[in-house]
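Taken together, the values in this text are just the output of simple stated rules run on the coordinates, not laboratory data. The model shown is predicted, which means the values in this text are computed figures rather than measured ones. Reconstructed Cβ throughout: ideal geometry from the backbone, glycine too, with neighbour counts over all protein chains shown.
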Amino acid sequence: MIKFLPSYVGSKKQWVERLAPLFKGEPFIEYFCGSAVLSANLASNAILNDIDPFIHMILSRFEDQIVPESFSSHDYYAKRGEPDWWRYVYCLQRMSFSGVFRYSKNGYNVPIKKSKDGEPIGPVDVREEYAEALARWKELNPVVLAMNYSCLPYEMAQNRVAILDPPYGGSKAAYNVSDFKYGAYWNFVDGLKNYAKAIVIFDRLSNLEQHDITPLDTRTMRVAGHYDGDTEAIGIYFAGSWLSTWGTEEKEPKKRRKASKPKKEPAKTAEPPEEEAVEPVVVKHEKGRLKSLLSRIDVASSETIDLDEPTEKPKRKLTYKPASLKEVTCKKCQKNFSYMYSFGKPRSKCDECK
Ligand SMILES: C[S@@+](CC[C@H](N)C(=O)[O-])C[C@H]1O[C@@H](n2cnc3c(N)ncnc32)[C@H](O)[C@@H]1O
């Protein structure tokens, strides 16, 4: 798995394999990209947005990471307080407590991970994984933005798979931002339906259900490395409706049909020890820059894209069975319905008449 950041709270790495049959090789737009693990592994090209200015700095200048042969706990303590700490973040995030990404005006502000004997871990050598991630970053050549998601014009999502993974309403995960307006967010989701080729949305199960989105799968969430008992769910909007099945389930191995059961973990403190007060960093919006960035993106294109026929030849060997969305009329009730088809006999009846 390619990782632009070795760890990140709320990373969607567990969903990469599940989404590959549907969306590998498609252009993506991630509105809350964080570590951007979905685009890193699946997208043909990507617009990556996150309001956090340091995420922007890291993802837009990924070639500027400093990754020495050996990075020790001594380096960790020394580098995290330097003004350019973000250039060591590939090493820092590899050694930090539970993938938390937190900083203040004094630098990167996360305690170091400890081994079983209570000693700080390290030294680490992450040159190989960084080199792999850097090669992929160059291939992806993402457009990276640091804006409030709602400032991105809907047109940017045209012909793209839109990934929505906001801070979940009511959950405990902390990012370097707060004051998220959930009412405005759900209006934004509604508007996006008219533009994006598909929408992949993540949220707490109860939040998706409250908005009549069929959860296709669920997973128990972790906060600071520990299961907090809350459930994350995924929904997919395609061709005018929220999908009710993945469509590939008939031939999926049994263990992948249901959300995997969380392993029992000893109860510990959920939050990393506070090292210092976190001062929010003021985000500079980039409206001026947006115009020139838009010229890199084909927002005017009106071509229709069929999921059966990828418009761009994937650069890397595909290791999944391609699935396609079928729209058919139900034999019994004569209503139109859609489902993801990948193997065997095509369906002739909708979910209600099956
Ligand atoms: C759940 S995390 C995303 C994780 C990401 N999908 C991954 O795989 O690493 C949510 C992200 O939303 C960002 N965020 C919070 N409010 C935002 C806003 N108003 N606009 C854009 N990004 C925002 C946070 O900085 C955080 O990185």
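Assorted remarks:
- Across Lys79/Lys138; Lys79/Lys113; Lys24/Lys331; Lys197/Lys354; Lys79/Lys105, pairs whose alpha-carbon gap is larger than 21 Å: Lys79/Lys138; Lys24/Lys331; Lys197/Lys354
- Sites matching trypsin sites (Lys or Arg not before Pro) across the range 100-153 that sit in DSSP coil, with at most 15 neighbouring C-beta atoms within 10 Å: Lys105, Lys116
- Volume of the Cα convex hull of the range 97-220, divided per residue and given in Å³: 188
- Rounded D (µm²/s) - the range 1-76, Kirkwood Rh over Cα pairs, Stokes-Einstein at 20 °C, 1.002 mPa s: 158
- For the range 1-80, the set of GluC sites (Glu not before Pro) satisfying both a DSSP loop assignment and a count of at most 16 other C-beta atoms within 10 Å is given as Glu69.
- Vicinal HN-Hα couplings computed from phi for the range 69-74 (Karplus, 6.51 cos²θ - 1.76 cosθ + 1.60; Hz; Gly/Pro x): 4, 9, 10, 9, 5, 5
- Rounded D (µm²/s) - the range 1-146, Kirkwood Rh over Cα pairs, Stokes-Einstein at 20 °C, 1.002 mPa s: 137
- Packing order of peptides 71-79, 142-150, highest average first: 142-150, 71-79 (average count of other Cβ atoms within 10 Å over each peptide's residues).
- Around the amide H of Ser104, modelled in the peptide plane, lie the amide H atoms of Asn109, all under 5 Å away and 5 or more residues distant in sequence or on another chain.
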